[in-house]
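The values are calculated or read from the model by the stated rules, or taken from the named source; none is laboratory data. Everything numeric here is computed off the predicted structure, so don't read it as measured data. Here the Cβ positions follow ideal geometry from the backbone for every residue, glycine too, while neighbour counts run over all protein chains shown.
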Amino acid sequence: MNLNRKGLNTIDESYFQNIFHKLYPRLLTYAKEIVSDTQTAEDIVENTMFQLWRDREKFQNVINIKSYLYAMVRNDAYRIVNKEKEKIALHEELTPDSDEDFDDKILEEEVYAILIEQLNQLPEGCKEIFELSVIEGLKYKEIASRLNISVNTVKSQRTRAIKLLKEKLKNHPFILFLLLIGSN
């Protein structure tokens, strides 16, 4: 029986069984090449065949049912492969490479949170000048020009910010050490 239909108005049970028996093994092989997993490939092909039977009225105007089924299998297989790649990427992003890396990330986040908390408690002028100088790495002249203040004001506010942060972070010597290294 030719699988290409010309003038058939519906897919009857015998036509469907013929398609199923002739194309199932081929579609399964095709799906396995894409997804590299037999069970997933079987699920894809079975789902495709189920859709063909369930929605047979929608397929009335399809002339080359074989090509259409291959396209359905291909699209479903690539959708699953892409979804799996997203899961793997997310898993790798959320799963640390080692406990040491995980501990380092936690420590880094804690240090960052403490520093941000203390920075936010600085007077606004000190905070802004400190961030421009230490975090953004701008020169005193650049900061003075940007804020329309004197270079001496920049120096004194930066010095004041460091002094205040030293006092606030005296119970966190590691953070204080990092702060002092970064502010030089």
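Here is a check on your reading of the model: is Glu142 modelled with pLDDT of 90 or more and either surrounded by 10 or more Cβ atoms within 10 Å (Cβ to Cβ) or not assigned by TED's automatic domain parsing to the domain that holds Leu28 (or both)? Quick ask: steps written out before the conclusion?
Details: modelled with pLDDT of 90 or more: yes; either surrounded by 10 or more Cβ atoms within 10 Å (Cβ to Cβ) or not assigned by TED's automatic domain parsing to the domain that holds Leu28 (or both): yes.
So Glu142 passes the test.
Looking at Val62, is it surrounded by fewer than 17 Cβ atoms within 10 Å (Cβ to Cβ), at pLDDT below 85 and either among the aromatic types (Phe, Trp, Tyr) or within 30 Å of Arg158 (Cα to Cα) (or both)? Explain how you work it out, then say what you get.
Working: surrounded by fewer than 17 Cβ atoms within 10 Å (Cβ to Cβ): yes; at pLDDT below 85: yes; either among the aromatic types (Phe, Trp, Tyr) or within 30 Å of Arg158 (Cα to Cα) (or both): no.
Answer is no for this residue.
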(message) Given the criterion under 30 Å from Tyr15 (Cα atoms), outside any loop (DSSP other than H, G, I, E, B) and modelled with pLDDT under 90, identify the matching residue among Gln51, Gln39.
(response) Gln51
(message) Pairs please, first residue from the stretch 104-125 and assigned by TED's automatic domain parsing to the domain that holds Ser156, second anywhere and modelled with pLDDT of 80 or more and among the β-branched types (Val, Ile, Thr), Cβ atoms under 9 Å, 6+ apart in sequence or on different chains.
(response) Gly125/Ile149; Gly125/Thr153
(request) Could you list all residues from the stretch 144-171 that are without any contact (Cβ under 8 Å) to a residue 24 or more places away in the chain and in contact with a Lys or Arg (Cβ under 8 Å, 6 or more places away or on another chain)? (result) Val151
(request) Filter the stretch 6-36 for residues that are in contact with an Asp or Glu (Cβ under 8 Å, 6 or more places away or on another chain) and at pLDDT below 85 and give the result. (result) Thr10
(message) Just checking, does the stretch 67-85 include any residue being over 21 Å from Pro25 (Cβ atoms), exposed (fewer than 12 other Cβ atoms within 10 Å of the Cβ) and either touching a Lys or Arg at 6+ places or on another chain (Cβ under 9 Å) or not assigned by TED's automatic domain parsing to the domain that holds Leu27 (or both)?
(response) no
(request) For the stretch 145-163, name all the residues that are surrounded by 15 or more Cβ atoms within 10 Å (Cβ to Cβ) and under 39 Å from the mean Cα position of the chain (by Cα). (result) Leu147, Arg158, Ala161, Ile162
